[in-house]
């Protein structure tokens, strides 16, 4: 923002002057000077710039032939009123004016509520929000499509995992059976052949000792 920029008032009354402030890319305090005739007067209050409002998402609720739209916005210090917004629903390049009816606030979000009358069965894909000279376009989230895709893939993945697990289990069982059969066969062969000659049992021999003479 250029501090020396000159702004022309858009509305003047006996006590109040209305004008649009230029955009700013950062948070800052701006001093406003009022030029009256050949004098420049400093306004006692400074303008504080806050970040632009962040509109996050929207959802629509059908009520008969009308649609109620709920717009979610992150809480900020701007304190935007519903009268400062203009909203249109978009469907196939057609615009449908959404009449703002209320605002609800919580700790983290502001909810703006508007209604589109006599819209029929049209499914809104986009929402256009205008405040001041700024226009924001919101698209309907595609979470539902991802959820359907996940629900479709979960059974397939489960079946594949079970098939792989059973195959590995069969291979492991076959290896264990083969090992046990070979071990049993070796034991039987050892039993039939008997112990080796060098480890066969030999009875101890004790040399006879002569008895002492009486």
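Some values worked out for this structure:
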item: Residue in segment 139-155 that is out of contact with any helix residue (DSSP H, G or I) (no Cβ under 7 Å at 6 or more places or on another chain), at negative phi and part of a strand (DSSP E or B) present; result: yes
item: Selection count, segment 31-86, where residues are outside the structural domain of residue 127 (by TED's automatic domain parsing) and on the phi > 0 side of the Ramachandran plot; result: 1
item: Number of the exception - residue 149 against (1) at pLDDT 80 or above; (2) surrounded by 10 or more Cβ atoms within 10 Å (Cβ to Cβ); result: (1)
item: Test: residue in segment 123-133 that is surrounded by 10 or more Cβ atoms within 10 Å (Cβ to Cβ) and either without any contact (Cβ under 8 Å) to a residue 12 or more places away in the chain or within 20 Å of the chain's Cα centre (by Cα) (or both); result: yes
item: Residues of segment 105-127 satisfying the condition of being within 19 Å of residue 66 (Cβ to Cβ) and in a strand (DSSP E or B); result: 111, 112, 113, 114, 115, 116, 126, 127
item: Selection status of residue 83, part of a strand (DSSP E or B), loosely packed, with under 12 Cβ neighbours inside 10 Å and touching a residue at least 12 places away in the same chain (Cβ under 8 Å); result: no
item: Residue 59, sole failed condition from (1) within 15 Å of residue 129 (Cβ to Cβ); (2) at pLDDT below 85; result: (2)
item: Extreme residue, surrounded by the most Cβ atoms within 10 Å (Cβ to Cβ), among residues of segment 29-41 that are outside any strand (DSSP E or B) and in contact with a strand residue (DSSP E or B) (Cβ under 8 Å, 6 or more places away or on another chain); result: 32
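The values are calculated or read from the model by the stated rules, or taken from the named source; none is laboratory data. As the structure is a computational prediction, the values presented were derived from the model and not from experiment. All Cβ positions, even for glycine, are placed from backbone atoms using ideal geometry, and neighbour counts span all protein chains on display.
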